[in-house]
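The values are calculated or read from the model by the stated rules, or taken from the named source; none is laboratory data. Predicted, not measured: the structure shown is a model, and the values here were computed from it. Methodologically, a virtual Cβ is constructed for each residue, glycine included, from the backbone with ideal geometry; neighbour enumeration extends over all protein chains shown. Just the protein is used for accessible areas: all its heavy atoms, side chains included, with ligands, DNA and RNA removed. Shrake-Rupley method; radii C 1.70, N 1.55, O 1.52, S 1.80 Å.
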Amino acid sequence: MEIFSNEIIDTAQLPKFEEVHFTALHPNYWKVLLINLVLLVLISAIGMGLAFFYNVELAEFQIPMALGFIFLIVLVVVFLRIGFLKKGFAFRNHDVLFRNGIIATNTTIIPYNRVQHVALHEGLIARYFGLATIQIFTAGGRSSDIEVPGIRKEEAENIKQLLMGKIQKQL
């Protein structure tokens with residue numbers, strides 16, 4: 001009969017994910033984000049313009065609303081840039097890490113033995129810049145657990161093959 005033991009783990013000896021070197025997203029992904037924002041702003045501006053055109057009572061609020069709209073756009077650009085700079089990913093021997101966040105930094109770590117499915121997506125604008133998004137799924141959810149955008153398509157395909165190989169080894 002085996003003797004049961006339940007030893008204490010020294011948490012100071014555990015590997016620290018904070019020491020991992022994260023790979024930044026491709027610089028062209030910033031252009032993708034800006035183009036998406038410009039498209040959203042254009043659609044919103046057209047909507048506001050139509051509202052002012054067809055509703056004469058809104059004319060007195062035109063300048064304050066336009067200034068507020070411009071301030072909101074500047075705020076969104078600042079937060080987009082901070083979010084872009086804080087995102088990063090890393091692949092280690094046993095797991096994949098993804099870091100993101102604007103005010104608080106979140107790091108998601110998924111061991112390869114939990115990965116169920118991997119998907120590669122290319123948006124219209126991202127495809128123009130040769131970029132793709134890797135989605136990594138674990139069991140128990142409809143949405144991806146990690147979504148790493150802004151990766152060169154060739155690199156994303158290599159990452160997908162790496163992860164698919166890790167999944168096949170588990171079976």
**Request:** Answer yes if at least one residue in segment 139-161 is touching a residue at least 12 places away in the same chain (Cβ under 8 Å), over 14 Å from residue 32 (Cβ atoms), surrounded by 15 or more Cβ atoms within 10 Å (Cβ to Cβ) and over 17 Å from the mean Cα position of the chain (by Cα), and no otherwise.
**Result:** no
**Fill in**
Pairing a residue in segment 99-121 that is free of Cβ contacts under 8 Å to residues at least 12 places away in the same chain with any residue that is part of a strand (DSSP E or B) and not small (Gly, Ala, Ser), where Cβ atoms lie under 9 Å and the two sit 6 or more apart in sequence or on different chains, gives 106/98; 106/99; 106/100
**Request:** State whether the residues of segment 34-42 include one that is modelled with pLDDT under 95 and touching a Leu at 6+ places or on another chain (Cβ under 6 Å).
**Result:** no
**Request:** Taking residue 113 as meeting all but one of (1) within 21 Å of residue 20 (Cβ to Cβ); (2) exposed (fewer than 14 other Cβ atoms within 10 Å of the Cβ); (3) within 19 Å of the chain's Cα centre (by Cα), write down the number of the exception.
**Result:** (3)
**Fill in**
All-but-one check, residue 88 against (1) surrounded by fewer than 16 Cβ atoms within 10 Å (Cβ to Cβ); (2) at pLDDT 90 or above; (3) small (Gly, Ala, Ser), failing number (1)
**Prompt:** Any idea which of 108, 133 is open to solvent by less than 60 Å² (accessible area, probe 1.4 Å), in contact with a His (Cβ under 9 Å, 6 or more places away or on another chain), modelled with pLDDT of 90 or more and hydroxyl-bearing (Ser, Thr, Tyr)?
**Reply:** 133
**Prompt:** Within segment 13-37, how many residues turn out to be outside any helix (DSSP H, G or I) and in contact (Cβ under 8 Å) with a residue 60 or more places away in the chain?
**Reply:** 7
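In the list 35, 46, which residue meets the criterion of being touching a helix residue (DSSP H, G or I) at 6+ places or on another chain (Cβ under 9 Å) and open to solvent by 50 Å² or more (accessible area, probe 1.4 Å)?
35
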**Prompt:** With respect to the numbered conditions (1) in contact with a helix residue (DSSP H, G or I) (Cβ under 9 Å, 6 or more places away or on another chain); (2) open to solvent by less than 60 Å² (accessible area, probe 1.4 Å), which one is the sole condition not fulfilled by residue 22?
**Reply:** (1)
**Message:** Exactly one condition in (1) open to solvent by 100 Å² or more (accessible area, probe 1.4 Å); (2) more than 27 Å from the chain's Cα centre (by Cα) is false for residue 12; which is it?
**Reply:** (1)
**Asked** Which residues, taken from segment 116-130, are open to solvent by less than 30 Å² (accessible area, probe 1.4 Å) and at pLDDT below 95?
**Response** 118, 119
